[in-house]
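Data first, discussion second: the structure below is written as structure tokens.
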Amino acid sequence: MAVRSQNSQTGSRKAQMEMQNKEIAETLRHIKNRILVMSGKGGVGKSSVAAYLSVSLAKKGYRVGLMDVDLHGPSIPRILGLKGSPNFGSHKGKMLPVRYLPNMEVISIENLMGENKDAATIWRGPLKISAIRQFISDIEWMNLDYLVIDSPPGTGDEPLTVAQTIPDARALIVTTPQEVSLADVRKSINFCRQVKMDILGLVENMSGLKCPYCGAIIDVFKMHGGEATARRENLRLLATLPLEVEVVMGGDSGDTTFLDNKALVITREFNKMVDEIVKLTDPQTSSSSQNDKGYLRAG
Ligand SMILES: Nc1ncnc2c1ncn2[C@@H]1O[C@H](COP(=O)(O)OP(=O)(O)OP(=O)(O)O)[C@@H](O)[C@H]1O
Ligand SMILES: [Mg+2]
């Protein structure tokens, strides 16, 4: 009797899983490009790159979803100054992500936590996997040109779940130039190769700080380490982004306006990176779909 009930439980779990797999496949059919922003090391600027890349793509007129799968330390809402929670307005009975721009939607665990944003959340592996799968199966994303996924540091459950759940996701690996970060980045590169995830390229962040008084470049975290790693690993270096005080300020206050300030080196470099990413991710298909839906390119 006990065996039969266990069998039926396993059977119903399997059926649920299959149903969810179908929902995930259906959602993914409406997402053209999937980009996983990752790094072996913490604090190198993954969330900043993910958030600003999403905003820049949206400003170009692409339809963008930003999914924050850092369940322990979600920082996307703070970087974007994003308030509000997803609501259940979908006609399919699914949850709608939080709208940030008319053509950009975001989902982060923080938006689901109500008032208690500083609570430490304890997630065991299976729960994390289930939450990330639900971010795709139970959220009604609009038809997207890009889904950008921000992951926590390392090569644990979160990037692995993304790799297993979102086929054709391509990795954008962020590093600082210093050796301790580069060592971790090599692990990320090996992770991608092991799970057969295509690597879009590397971003060297926090690469030099221009002294506001004398204009000299101070290499706080050294320089060119990302470039050397990219060369050695035969990968594209997508950008070299300097340390910039405006990014620190903007990251704390949820202000992204520095992305329009072309006087800043970081803005010019970031824009070049976005253009390169657009070039690498089949802009033709993306732009034709924008025309279908009436979205305009910003220029
Ligand atoms: N180029 C930059 N210049 C100045 N500050 C930066 C730059 N890039 C990121 N920062 C700042 O560094 C801090 C860490 O950035 P961020 O949260 O994006 O890193 P992360 O890799 O996502 O961290 P975690 O591993 O904790 O998820 C933030 O305060 C952010 O504003
Ligand atoms: Mg982060």
Specify the angular offset, from 0 to 90 degrees and rounded to the nearest 10, of the alpha carbon long axis of helix 2-29 from the longest principal axis of the alpha carbons in the chain. 40
Antiparallel bridges, percent of DSSP beta bridges restricted to the chain (to nearest 5): 15
Lys279: which aspartates and glutamates have alpha carbons under 14 Å from its alpha carbon, excluding same-chain residues fewer than 8 sequence positions away? Asp145
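Report the net charge of residues surrounding Ala58, where surrounding means a beta-carbon distance below 10 angstrom and charges are Lys +1, Arg +1, Asp -1, Glu -1.
With Lys, Arg at +1 and Asp, Glu at -1, the net is +1.
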So which chymotrypsin sites (Phe, Trp or Tyr not before Pro) in segment 1-93 are both in a DSSP loop and have at most 12 other Cβ atoms within 10 Å of their Cβ? Phe88
Assertion target for Cys192, Cys211, ordered by fewest C-beta neighbours within 10 angstrom first, is Cys211, Cys192
Show me the three semi-axes of the equivalent ellipsoid for the chain, from the C-alpha gyration tensor (sqrt of 5 times each eigenvalue), largest first, rounded to whole Å. 33, 22, 19
Please work out the FRET efficiency for the pair Cys211 and Arg124, using the Cβ-Cβ distance as r and a Förster radius of 35 Å; give the result to the nearest 0.05. 0.15
I need the calculated FRET efficiency for the pair Arg186 and His72, taking r as the beta carbon distance and R₀ as 25 Å, to the nearest 0.05. 0.60
Given segment 170-232, report the % of alpha carbon pairs whose separation exceeds 18 Å. 39
So if I place +1 on the C-beta of Lys and Arg and -1 on the C-beta of Asp and Glu, and nothing else carries charge, what would the dipole magnitude of the chain be about its Cα centre? I want it in debye, nearest 20. 720
Taking the Cα centre of segment 152-211 as origin and charging only Cβ (+1 Lys, Arg; -1 Asp, Glu), how large is the dipole, in debye to the nearest 20? 140
Quick query: amide H of Ala171 versus all other amide H atoms, modeled in the peptide plane; which residues come in under 5 Å with a sequence gap of 5 or more or a different chain? Leu36, Asp198, Ile199, Leu200
Tell me, Ser12, Ser54, Ser207, Ser130 in order of fewest to most beta-carbon neighbours within 10 Å? Ser12, Ser130, Ser207, Ser54
Trypsin sites (Lys or Arg not before Pro) within segment 124-218: which are DSSP loop residues with at most 15 other Cβ atoms inside 10 Å? Arg124, Lys196
Full extension between Asp282 and Met113 adds, at 0.36 nm per residue less the Cα distance, a length in nm of 57.2 nm
Compute the angle between helix 179-194 and the longest alpha-carbon principal axis of the chain, please, reported from 0 to 90 degrees and rounded to the nearest 10. 40
Helix 125-137 sits at what angle to the longest principal axis of the chain, using alpha carbons and giving 0 to 90 degrees rounded to 10? 90
Could you name the aspartates and glutamates in cross-link range of Lys14, using Cα to Cα under 15 Å and dropping any fewer than eight places away on the same chain? Glu23
Ranking Asp70, Asp219 by Cβ neighbours within 10 Å, fewest first, what do you get? Asp219, Asp70
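Every read-out reported here was derived from the displayed coordinates using simple, explicitly stated rules and does not represent laboratory data. All of these numbers come straight from a predicted model, not from anything done at the bench. Positions of Cβ are backbone-derived with ideal geometry, glycine not excepted, and every protein chain shown enters the neighbour counts.
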